[in-house]
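Trainee: Pasting in a structure now, in structure tokens, and then I'll have a few things to ask.
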Amino acid sequence: MNDMSSSPSPLGRHQDRIAAVHAEATAWRRDIHAHPEIGFEEHRTSALIQEKLKAFGVDEILTGLGRTGVVGIVHGKAKGKMIGLRTDIDALPMQERTGLPHASTHPGKMHACGHDGHTAMLLATAKILAETRDFAGSVALIFQPAEEGGGGGREMVEDGMFDKAPCETVWGLHNMPDQPLGTFTALPGPTMAGIDYFDIAFEGQGTHAGVPHAGVDTVLTAAHFVTTVQSIPARNLSPFEAVTVGISMIKGSDAYVVMGDRAVVGGSVRFFSDAARDKTEARLRKLAGSVAEAFDCEAVIDYRRNYPPCINPEAEAEIAAQVAESVVGEAAVSRTAEPCMAGEDFAFMLNARPGHYIWMGTGSDDHVSGRLHYPDYDFNDASIPLGVAYWLALVDRLLPAD
Ligand SMILES: [Zn+2]
Ligand SMILES: [Zn+2]
């Protein structure tokens with residue numbers, strides 16, 4: 001006979017409560033998935049979160065932070081410090097192609113990054129924390145809008161979230177379908193890239209395509225500029241500095257026979273340090289101006305600083321790794337991986353408070369989850385207990401009841 005009581009629980013001391021909430025949390029996740037809302041339009045999602053938090057009996061519900069953002073605060077049975085657990089709640093402007101029963105009912109909108117799953121896991125965590133209150137201090141459950149480029153994290157911080165919910169540390173989590181279910185990666189240092197956007201217009205005297213010498217060719221100018229920008233990472237930055245400069249948009253006139261007076265290129269810069277960001281922006285400006293001058297055009301430059309890089313501080317990375325180990329075992333937690341060149345606006349919270357942004361593996365053979373930001377993506381509901389267990393173990397570690 002197998003003595004089950006002596007085998008260590010894979011989900012820690014909250015195993016039974018987590019198992020009990022799994023089906024319910026899966027239903028929430030699929031409901032949110034069926035009703036995706038993009039950045040700052042998460043009104044239904046925000047209302048659903050508030051309704052659930054109220055039903056769970058959390059002590060305070062803060063709204064109006066980052067427009068549609070919500071923070072629920074649960075106090076433990078003893079006094080102590082406050083920590084923040086953060087999820088993103090927004091969807092992407094893309095058409096779903098999964099054909100699943102819970103597929104998006106909103107045309108052109110889709111939860112293709114798993115923020116539906118992140119939200120359901122944090123709701124389940126809130127429910128268990130409000131039931132048990134077996135910790136000393138307070139937990140702020142941060143539901144952040146507009147992660148996918150809108151800067152909801154920045155807005156929540158600017159709206160005074162950390163004044164109203166004075167967290168000592170703040171913690172984030174993202175699913176990773178290309179890593180196996182049951183694993184975590186707690187990376188110290190550079191983890192997610194900073195990202196800026198730019199539009200550069202080359203402007204000059206347009207002309208008839210058959211009379212090119214009567215004006216300037218703004219498209220030819222733009223084309224020369226496009227080929228120069230790769231010299232920035234290749235020749236202006238150290239080979240050990242990870243930076244990408246990509247031009248993904250180019251637009252000239254609307255006719256075969258018109259050389260327009262304007263050609264516009266747009267793209268993104270991704271980086272891990274302020275120095276690399278400053279250097280790249282300066283070089284982009286200089287190259288655009290110089291190429292424009294060489295072709296008798298003018299360069300009108302719109303460079304927008306968007307997200308800073310997400311750099312995990314070392315001490316909190318080690319805490320996150322140890323907490324994840326307590327959930328899935330030492331062999332299933334990695335402290336090394338290549339950083340990701342995607343942006344992540346949890347960086348604004350990490351710049352305000354120490355904490356950690358952990359990756360949770362969700363890939364499994366029996367769940368074809370696709371890749372993040374693809375139309376065939378679906379969050380793996382089998383990972384819900386692991387995410388909830390990580391959050392609860394983190395609370396146990398940081399706010400022990402005795
Ligand atoms: Zn995403
Ligand atoms: Zn995401």
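Trainee: Among D296, D396, D402, which is the only one that is part of a loop (DSSP other than H, G, I, E, B) and more than 30 Å from V245 (Cα to Cα)?
Mentor: Residue meeting the stated conditions: D402.
Trainee: Further question on the same structure: Is it the case that D199 is outside any helix (DSSP H, G or I), closer than 30 Å to A324 by Cβ and open to solvent by 10 Å² or more (accessible area, probe 1.4 Å)?
Mentor: no
Trainee: Find the helices (runs of 4 or more DSSP H) located wholly in region 115-183 whose residues include 3 or more that are more than 14 Å from ligand 2 (Cβ to nearest atom) and open to solvent by less than 20 Å² (accessible area, probe 1.4 Å), and list them.
Mentor: 115-132
Trainee: Quick one: what pairs do we get from region 74-101, first residue not assigned by TED's automatic domain parsing to the domain that holds A120, second within 14 Å of ligand 2 (Cβ to nearest atom), C-beta under 8 Å, 6+ apart or different chains?
Mentor: Cβ pairs passing all conditions: none.
Trainee: Right, here's the next one. Can you give me the number of residues within region 314-330 that are part of a loop (DSSP other than H, G, I, E, B) and open to solvent by 40 Å² or more (accessible area, probe 1.4 Å)?
Mentor: Counting residues in region 314-330 that are part of a loop (DSSP other than H, G, I, E, B) and open to solvent by 40 Å² or more (accessible area, probe 1.4 Å) gives 0.
Trainee: Just need a number here: residues in region 97-107 that are in contact with a Pro (Cβ under 6 Å, 6 or more places away or on another chain) and either open to solvent by less than 50 Å² (accessible area, probe 1.4 Å) or within 16 Å of ligand 2 (Cβ to nearest atom) (or both).
Mentor: 1
Trainee: A follow-up question, please. So which of T26, T45, T87 is at pLDDT 95 or above, open to solvent by less than 10 Å² (accessible area, probe 1.4 Å), in a helix (DSSP H, G or I) and of a type in the set (S, T, Y)?
Mentor: T45
Trainee: Of all residues in region 277-290, how many are open to solvent by 20 Å² or more (accessible area, probe 1.4 Å) and not charged (D, E, K, R)?
Mentor: 4
Trainee: Shifting gears a bit: Exactly one of these conditions fails for Y357: (1) modelled with pLDDT under 95; (2) in contact with a Gly (Cβ under 7 Å, 6 or more places away or on another chain). Give me its number.
Mentor: Only one criterion in (1) modelled with pLDDT under 95; (2) in contact with a Gly (Cβ under 7 Å, 6 or more places away or on another chain) is unmet by Y357, namely (1).
Trainee: Right, here's the next one. Can you pull out every residue in region 341-382 that is open to solvent by 10 Å² or more (accessible area, probe 1.4 Å) and of a type in the set (A, V, I, L, M)?
Mentor: Listed by number, the residues that qualify are M341, A342, L350, A352, V368, L372, A382.
Trainee: Which condition number does T221 fail, the rest of (1) open to solvent by 10 Å² or more (accessible area, probe 1.4 Å); (2) farther than 30 Å from E314 by Cβ being met?
Mentor: (1)
Trainee: Take the residues of region 48-61 that are open to solvent by 30 Å² or more (accessible area, probe 1.4 Å) and within 22 Å of E155 (Cβ to Cβ): which is farthest from the chain's Cα centre (by Cα)?
Mentor: Taking the candidates together, the pick is E60.
Trainee: Tell me which of these L85 doesn't satisfy, since it passes every other one: (1) within 16 Å of ligand 1 (Cβ to nearest atom); (2) under 24 Å from Y307 (Cβ atoms).
Mentor: (1)
Trainee: On to the next question. So, in region 251-266, how many residues would count as being within 9 Å of A201 (Cα to Cα) and open to solvent by 30 Å² or more (accessible area, probe 1.4 Å)?
Mentor: 2
Trainee: Residues in region 66-73: is at least one closer than 25 Å to D159 by Cβ and either open to solvent by 40 Å² or more (accessible area, probe 1.4 Å) or outside any strand (DSSP E or B) (or both)?
Mentor: Checked against the condition, which is being closer than 25 Å to D159 by Cβ and either open to solvent by 40 Å² or more (accessible area, probe 1.4 Å) or outside any strand (DSSP E or B) (or both), region 66-73 yields at least one hit.
Trainee: Exactly one condition in (1) part of a loop (DSSP other than H, G, I, E, B); (2) more than 17 Å from T87 (Cα to Cα) is not met by R13; state its number.
Mentor: (1) is the only condition that R13 fails.
Trainee: Now for a different question. So, A78, is that one more than 16 Å from ligand 2 (Cβ to nearest atom), modelled with pLDDT of 95 or more and surrounded by fewer than 14 Cβ atoms within 10 Å (Cβ to Cβ) or not?
Mentor: Taking the combined requirement at face value, the residue does not satisfy it.
Trainee: Let me ask you something else. Somewhere in region 345-360, is a residue farther than 25 Å from D163 by Cα, touching a residue at least 24 places away in the same chain (Cβ under 8 Å) and among the basic types (K, R)?
Mentor: Checking region 345-360: not a single residue is farther than 25 Å from D163 by Cα, touching a residue at least 24 places away in the same chain (Cβ under 8 Å) and among the basic types (K, R).
Trainee: Something else about it: With the requirement that a residue be part of a loop (DSSP other than H, G, I, E, B), more than 16 Å from ligand 1 (Cβ to nearest atom) and of a type in the set (A, V, I, L, M), what does region 331-384 give you?
Mentor: Residues satisfying the conditions are A337, V368.
The values are calculated or read from the model by the stated rules, or taken from the named source; none is laboratory data. Keep in mind it's a predicted model, so treat the numbers as computed, not measured. Methodologically, a virtual Cβ is constructed for each residue, glycine included, from the backbone with ideal geometry; neighbour enumeration extends over all protein chains shown. Each accessible area value is taken on the protein alone, full model and side chains, heavy atoms only, with ligands, DNA and RNA left out. Shrake-Rupley method; radii C 1.70, N 1.55, O 1.52, S 1.80 Å.
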